[in-house]
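Down below is the structure, laid out as structure tokens.
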Amino acid sequence: MLMNTSLKEWKGKIRPDGPGKVTGGIKYLTDLTFPNMLYGKILRSSEPHAEIVSISTDLARKLPGVRAVVTYKDVPGLNGYGIIFPDQPVLCKDKVRYVGDALAAVAADTEEIAEKALGLIEVNYRRLPVIDSTEKALEPGAPLLHPDGNILHRAGYSIGNVEDGFQKSFVIIEETYDVPRQMHAYMETEGGVIVPEPGGKITVYAGTQHGFKDRFQLSRILNIPEKDIRIVSSPMGGSFGGKDELNIQPYGALLALAANCPVKIHQSRQESVKAGLKRHPMKITVKTGADKNGKILAHKVKIIADTGAYATLGPAILDFAVEHVSGPYKIPNMETEGLSVFTNNGVAGEFRGFGGNQITFALEGQMDRLAEKLQIDYLEFRRLNLREAEDPGPLGQRIAPTNGATHVLEAIQKSFFKRADLRNEKGDLNERWKARGTGAAITMHGGGLGAGRMDPAGGRLSFTKDGKIAAAFGFEECGQGLLSVIETILLEEFNCLDKDISIVIGDTDLVPVSGSSTASRATSMVWHSLQKMKDSFRSQMIDLAELATGTPANRMEMGPGGIWLKDAQQSGEAYLSFADLASALVQDRSISVQTSFDFPVSPDATVAGSHFLYAFAAVIVEVEVDILTGRVKVTGMEQAVSAGPVVSPMGYRGQIEGGGAMALGYTLMEHSIIEKGIYLNDNFDTYLIPTIFDVPFEMITEAVEELYEGDEFGPRGVGEIGTVAVAPAIAQAIYNATGCWINKLPVSPELILEKVSFMEGDKWM
Amino acid sequence: MDVKKVIMATPSPQPVKIELELEVNGFHRQLTVAPAARLVDLLREDLELTGTKFSCEVGRCGTCAVHMDNKLVNSCLVMAYQANGTSICTIEGLAERSLDPIQSAFLEEGGFQCGYCTPGMIMAVKALLNYHANPTEEQIKEGLSGNLCRCTGYGGIIRAVQRAIKNLNENEIEGAVGWKK
Amino acid sequence: MIRQGTVMIDSPAIWMPENLADAWQLKHRFGPDAQYIAGGTLMQTHWQKGIECPANLISLERIKEMQGIIKSPIHGQAVTRIGALTSLDVCRQHSEIAVSAPLLTEAAGSIAAPAVRNKATIGGNIANRFGDSIPALLAMDASLALFDGKEILLTLLSDYIRMESSIKNLILVYVLVPETDGVNNGQYFYKKLGHREAFSPSILTVAGYCRTSEQNEILEIRLAASGSTSPPQRFIHTEQVLNGCILSHELLTKAIQTIKDEMNVNTDPFSSAGYKKAAAANLIVSGIVGKAG
Ligand SMILES: Cc1cc2nc3c(=O)[nH]c(=O)nc-3n(C[C@H](O)[C@H](O)[C@H](O)COP(=O)(O)OP(=O)(O)OC[C@H]3O[C@@H](n4cnc5c(N)ncnc54)[C@H](O)[C@@H]3O)c2cc1C
Ligand code: FES
Ligand code: FES
């Protein structure tokens, strides 16, 4: 990896959660068992859209081994959930709106009995017309899915005068881009155990990306105070946004309280597909005009997002897409209109990239088509329109100045030329029946939840009685390597050893409020928290050392294993070990520093959700198209990323490569197909994600760590950025290989085959 | 009729059970289970070996992979009667006194993120390297093609495999030197 | 899918006959309440999809006649005899098969992934009628040995795939693959098209054999295809059209059309029939051209 990092020495560092993960010793929350534990199962709707005439659970209750059955009647508090607003019923009463809607839940001695009991619950439905497309939902007179109609959210932005801009344009490209419903496909399906505790309390052991949010939502549903609910949420077998919203927790909790026993629910893959969130499918119609010299003059965009049956984070995702409509480019005249539309097609929600992937595919597609029409090199065309460091953000707001766009574009341009040389060297690349092409794309991606959204962050540092520097954060470990990030930053700041520290995350009883582990914010917020806490913590530690030893504070500093004398650093041992220092923690004396603050937002953010900190990425890919079948294979991928200093090189690279592969799947094969409201691919036999054969054997990640002069915001997260610009790069590469423009994902080999079908003039022999 | 039948076939209201004998991670085990019960449940529930995961339950992801008589199998597709008399090795059985070189390589190279595919992946790598000490790129891909990983994009896994090959070969050379002495 | 755990209230009974006759008798005794099972890989995926598991499973795994790989001449011709219980992994790795039935080595490598192949059998792959090994075996003109309760019958695979379910109770004992003619060895090809590069259900799988004279006259040709949603077939008509002709661009262009006409496929939610035909025709013709192209 081309990574020129100041933190190189940590390269060989082993993740704190590593040993447990490679030995199988670590317990995921779905691995837990408790005495007297029951197994829960959730009855989901068989209809995508229907009125519920009746639900009868009598037979199920009588089945031996069944310990509890719950329906809407058993929800003590609010029968609804949703991160933004709670429009999704926990247990449906009179209507179902998608096939994942829950009607009842059963706890039984075994999973088999619980499953049989589900079969004994009789539900009578009165079918309603299925709204299986946004077009249908928007028809006048369409049945209303929610009291306020079928439009969940509208968002827009405009500046200048687009019609004017088009008038002055020399070329105009108009195109509709169609992007699919992608499944998170985390390997661990949703699950966990909910344990009733004495005094009406409960502990919820289940993955989530925001423990405190779950606690808040569960409190509302169960009608018990938040302080009586404890959420333990790490480790998780992947999430990618998909486990941020509640999933099995309310059912487990209702059953556990009803049966007064711990209840485990672990969804099967089919259940997960049916109930789980997906990435929003969108249809994006774009008209873009540019002048003769390649300056973009006008950009008019209409986004229609299929948000499915309930809101969850749908509105915020649409806002994000609207914000990123122009990406890293300066466009004087713009008009964007976005609609997030309810349908009976599952539920779409948070997913790594948060609307950015969809809109970037459309934007970069336009850039490619315009460049081609203008006969300008497509990277050069991007450079011509690229933002400069101090330009305002995409919604006109002030943002932290950054040269990231230029940096990543330059990095990829260099490698593009290198690759061209390589291509020329290898003579035999043009083997028969294969067409090859290279493509590139860039993106700009906001971090944090954005302006006008509650986005608190924080953390706590304390010195424990057993001599450990303990860091506590309310973040979750979903695999992204957060523990490693925290450890690395602690070791850096305090120059101590990994045995000197202990880290607590993912347990609402033990950690301070830190906000969600989403929106590429956790790494960044850990760093910010520690910046705010480190000085105070350090001086308290040294003060304590002074108290214990009588040595003046100014002669001491923190170091490996304990407190060191500044002038005696060479003498192999600490002056006062942390353990000895801890014994000075007598009686009421303690060291604990806590911070809470908000994620930085633009001082003049007028549009909800607009960002202040952005990261950038450029991607270059090589593809090989089989002209006999139209199949595309990505043979090379390189990403240049500008997201500030690298905290953990292994984690950084892993995020970019993993994101790249996930986006490759999005581009070439992943499509959660819903027909008339029913999922057609319900497991990994038909919903295919990339295997080791589908990704380039070697992917390259280049980190541009440089920040703009005076930038004090440190590392940005890279959880999402690696997924954003891959699809348009592949589409461009396919065009270069075959002359076939791609405006629909996943790329259809059928379409390519039609285009290339026995290329004119070519002969079989 | 001289037919061995594992259990009584006459319809009986009692759940059908067999006495299963097998070796798991070197220990002899005896269990009374349904003949068609899945090995993955047997391992996770009856033997509390939760290192073996599941994700698709139809042989499509590899998170449940274990070795049965030294061969890689999906424990979600092995029924109890098929495991009778066999020797099973799970992720928990890999590390003896110290980590297996493959496990170390996964740690050193970042061959995992969420870690949920990791036990199955490591068992697949182990099977691969048992078979080919110096696998080609194609052999590596084929050996791991049944194990899905959603987090890493396989980059870290591939580097871990390469590192494991190196580690193992070095061990071998050291071993050889020791033997000469 | 019911995750039954190890208690399994509804576990089927498992029978382990030691020979073909006993297996046959058991099947007759239970009729529709019993099914043969080999590796069980396919059957378990069926149960997961909601197809009911019968009350009795007759495991074939102890039957000696169904095991092993041997070379033996039949009617003067060298053939490789592959027991139906041979795992696909063995088919993939066996050195004898690599020499005498190279297409099978290749086909086995395209099926599922190593862990599945360690349990999946060649017999199960053929008997389920949608296996990816079938086109390869058709191209190699393989025959099957089937036990009908009394004796073992030899049937050409190309006849077997056209037989109706009346043969369902027959036990597939072994597969016979004739040795390729070393002197005039022709060109074999096998190609599986999936939705990704590996470990994918087959959109279509094609295989073929073509032997030409030095003048590029086609002397012998067999072409076959199948798919995970399309039954296997031989392209008898196309073979007839091509046989005896001199290979040329025009001839192959014509072959493209006859293959499309002759191919029996359906549109499924993931691929259209038109696409399958076009891709199959291209793959087959490119296979015929092979190195000659
Ligand atoms: C994850 C996964 C991926 C797969 N991928 C592929 C693939 O890519 N290509 C492919 O072709 N298949 C694939 N399969 C299907 C299947 O595994 C193979 O076809 C396999 O070869 C079946 O063999 P088996 O021994 O497991 O059959 P079983 O499941 O035991 O039996 C299958 C059927 O054949 C019958 N049968 C078995 N043996 C005999 C016999 N000797 N005589 C008469 N009847 C018999 C059984 O009664 C049953 O109806 C896949 C399966 C899984 C689980
Ligand atoms: S759970 Fe066994 S292969 Fe997926
Ligand atoms: S590490 Fe998460 S699936 Fe592989």
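The values are calculated or read from the model by the stated rules, or taken from the named source; none is laboratory data. Source: prediction; values computed, not measured. We place every Cβ from the backbone using ideal geometry, glycine too, and count neighbours over all the protein chains shown. Protein only, heavy atoms only, side chains kept; ligands, DNA and RNA dropped before computing areas. Shrake-Rupley method; radii C 1.70, N 1.55, O 1.52, S 1.80 Å.
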Solvent-accessible area, 1.4 Å probe, carbon plus sulfur percent, for chain A = 50 percent
State the Cα centre-to-centre distance between segment A:687-716 and segment A:298-353 in whole Å.
-> 24 Å
Residues in segment C:110-141 occluded by at least 50 Å² - accessible area, probe radius 1.4 Å, against chain by itself | C:Pro114, C:Ala115, C:Asn118, C:Lys119
Inter-part gap, Cα centre of segment C:1-63 to Cα centre of segment A:74-104, in whole angstrom, is 41 Å
Tell me: how much accessible area in total is hidden between B and C, 1.4 Å probe, Å², nearest 100?
-> 3700 Å²
Can you tell me the accessible area per residue over segment C:187-292, all protein chains present, probe 1.4 angstrom, in square angstrom?
-> 37 Å²
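For segment C:217-293, what is the charge dipole size about the Cα centre, in debye to the nearest 20, if Lys and Arg each add +1 at the Cβ and Asp and Glu each add -1 at the Cβ? Intermediate results must be reported in sequence, preceding the final value.
Working: 7 positive and 7 negative charges, 34 e Å.
Result for segment C:217-293 is approximately 160 debye, rounded to the nearest 20.
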Net charge near A:Glu175: determine it from the other residues with C-beta under 13 Å of the C-beta of A:Glu175, scoring Lys and Arg +1 and Asp and Glu -1.
-> +2
Which lysines, on any chain, are close to C:Lys27 with Cα under 27 Å apart, when same-chain ones fewer than 8 places away are left out?
-> B:Lys4, B:Lys5, B:Lys17, C:Lys49, C:Lys64, C:Lys119, C:Lys150, C:Lys168
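Given a 1.4 angstrom probe, what's the average accessible area per residue across segment C:35-143, in square angstrom? Can you show the working numbers first?
Working: 3880 Å² over 109 residues.
Spelled out: the 1.4 Å probe surface of segment C:35-143, per residue, equals 36 Å².
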Mind checking which lysines have their C-alpha under 18 Å from A:Lys73, skipping anything on the same chain fewer than 8 residues away?
-> A:Lys41, A:Lys93, A:Lys95
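Give me the percent of accessible area attributable to carbon and sulfur for segment C:187-292, probe 1.4 angstrom.
Numbers: 1860 of 3870 Å².
Solvent-exposed carbon and sulfur of segment C:187-292 make up 48 percent of the total.
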Search the structure for amide H atoms under 5 Å from the amide H of A:Leu297, placed 1.01 Å from N in the peptide plane, and list their residues when 5 or more places away or on another chain.
-> A:Gly289, A:Ala290, A:Asp291
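Determine the share of segment B:110-163's accessible area contributed by carbon and sulfur atoms, expressed in whole percent, with a 1.4 angstrom probe. Before the final figure, lay out each step's value.
Numbers: 570 of 1300 Å².
The value for segment B:110-163 is 44 percent carbon and sulfur by accessible area.
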List the accessible area buried at the contact between C and A, summed over both sides and calculated with a 1.4 Å probe, in Å² to the nearest 100.
-> 3400 Å²
Select from segment B:148-169 all residues whose loss of accessible area on going from the chain by itself to the full protein assembly reaches 40 Å² or more (probe 1.4 Å).
-> B:Leu148, B:Arg150, B:Cys151, B:Gly153, B:Tyr154, B:Ile158, B:Arg159
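For chain A, what proportion of DSSP beta bridges, expressed in % and rounded to the nearest 5, is antiparallel?
The answer is about 75 percent antiparallel.
Any idea of the total accessible area buried by the A-B contact, 1.4 Å probe, rounded to 100 Å²? Please list the in-between numbers first.
Details: alone 29970 and 11070 Å², together 36920 Å².
When A and B are taken together, about 4100 Å² of accessible area is lost.
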Electrostatic dipole magnitude of the protein assembly as shown [Cβ: Lys, Arg +1; Asp, Glu -1; Cα centre; debye, to 20] = 1280 debye
Between A:Gly479 and residues 5 or more places away or on another chain, which pairs have amide H atoms under 5 Å apart, with H built 1.01 Å from N, and which residues are they?
-> A:Met236
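Find the accessible area per residue for segment A:236-334; the probe is 1.4 Å, ligands and nucleic acids are left out, and the unit is Å². Mind showing how you got there, number by number?
Numbers: 1880 Å² over 99 residues.
The answer is 19 Å² per residue.
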Provide a list, ordered by number, of residues in segment A:640-667 showing at least 40 Å² less accessible area with every protein chain present than when their chain is taken on its own, using a 1.4 Å probe.
-> A:Met650, A:Glu657
Express in whole angstrom the spacing between the alpha-carbon centres of segment A:129-149 and segment A:237-257.
-> 29 Å
